[in-house]
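The values are calculated or read from the model by the stated rules, or taken from the named source; none is laboratory data. Remember, predicted model here, so these are calculated numbers, not experimental data. Heads up, the Cβs are rebuilt from the backbone with ideal geometry, glycines too, and the neighbour counts pull from every protein chain shown.
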């Protein structure tokens, strides 16, 4: 793979790319996701150590910016400044699609507010993969992760128990 500094950087528009990553098997990444990541000057990721495994496998040398639930609010201004400097920036999570039970929502909201272009790059989905072999009907409900406090879990169970098809 050619290092980023030697690639043609005008293939994609400047903005934020929300790139889905493999869930488990690193070979499940899409060709388009690899292309976008290789063109990204910065990659915002949940855990740089986890992301580095994927990026090293495909020889992607972009600058990584750590962004997890503990520093996401603090990072917003830094990331917006990078985006405003007309850079191609990708947001990835450790596995799956960012913002779906993973960090990224705060950055997305700020990009929408500031009219910064956002581009979704689809990929692997654990939910649809599991549904495809489950034998269940086409209808399903995705909830995400339960809260940590028992009272909040019980409240959510109560709400979820009332959902009908």
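Here residue 22 meets each of (1) farther than 16 Å from residue 79 by Cβ; (2) in contact with a strand residue (DSSP E or B) (Cβ under 9 Å, 6 or more places away or on another chain); (3) at pLDDT 95 or above with one exception, condition (3).
Mind checking whether some residue in the stretch 25-33 is within 27 Å of residue 127 (Cα to Cα), in a strand (DSSP E or B), modelled with pLDDT of 90 or more and touching a strand residue (DSSP E or B) at 6+ places or on another chain (Cβ under 8 Å)?
Quick first cut of the stretch 25-33, residues within 27 Å of residue 127 (Cα to Cα) only: 25-33.
Going one step further and asking which of them are in a strand (DSSP E or B), we end up with none.
Within the stretch 25-33 (the criterion being within 27 Å of residue 127 (Cα to Cα), in a strand (DSSP E or B), modelled with pLDDT of 90 or more and touching a strand residue (DSSP E or B) at 6+ places or on another chain (Cβ under 8 Å)), the answer is no, since none of the residues qualifies.
Of the strands (runs of 3 or more DSSP E) contained entirely in the stretch 39-121, those carrying at least 2 residues that are surrounded by fewer than 18 Cβ atoms within 10 Å (Cβ to Cβ) fall at 63-66, 118-121.
Show the residue pairs that are 6+ apart or on different chains and have beta-carbon atoms under 6 Å apart, the first residue being within the stretch 100-118 and on the phi > 0 side of the Ramachandran plot, the second being surrounded by 12 or more Cβ atoms within 10 Å (Cβ to Cβ) and part of a loop (DSSP other than H, G, I, E, B). Listed pairs, sorted by first residue: 104/98.
Anything in the stretch 10-21 that is within 16 Å of residue 103 (Cα to Cα) and touching a helix residue (DSSP H, G or I) at 6+ places or on another chain (Cβ under 7 Å)? List them, or say none.
Taking the stretch 10-21 as the starting set, the residues that turn out to be within 16 Å of residue 103 (Cα to Cα) are 16-21.
Those that are within 16 Å of residue 103 (Cα to Cα) and touching a helix residue (DSSP H, G or I) at 6+ places or on another chain (Cβ under 7 Å): 16, 17, 19, 20, 21.
Pairs are defined by a Cβ separation below 8 Å, a sequence spacing of at least 6 or placement on different chains, a first member in the stretch 38-64 that is in contact (Cβ under 8 Å) with a residue 40 or more places away in the chain and on the phi < 0 side of the Ramachandran plot, and a second member that is part of a strand (DSSP E or B) and exposed (fewer than 14 other Cβ atoms within 10 Å of the Cβ); the pairs so defined are 41/63; 42/63; 43/63.
Within the stretch 129-145, residues that are without any contact (Cβ under 8 Å) to a residue 12 or more places away in the chain have Cβ atoms under 7 Å from residues that are surrounded by 10 or more Cβ atoms within 10 Å (Cβ to Cβ) and assigned to a loop (DSSP other than H, G, I, E, B) in these pairs: 131/140, counting only partners at least 6 apart in sequence or on another chain.
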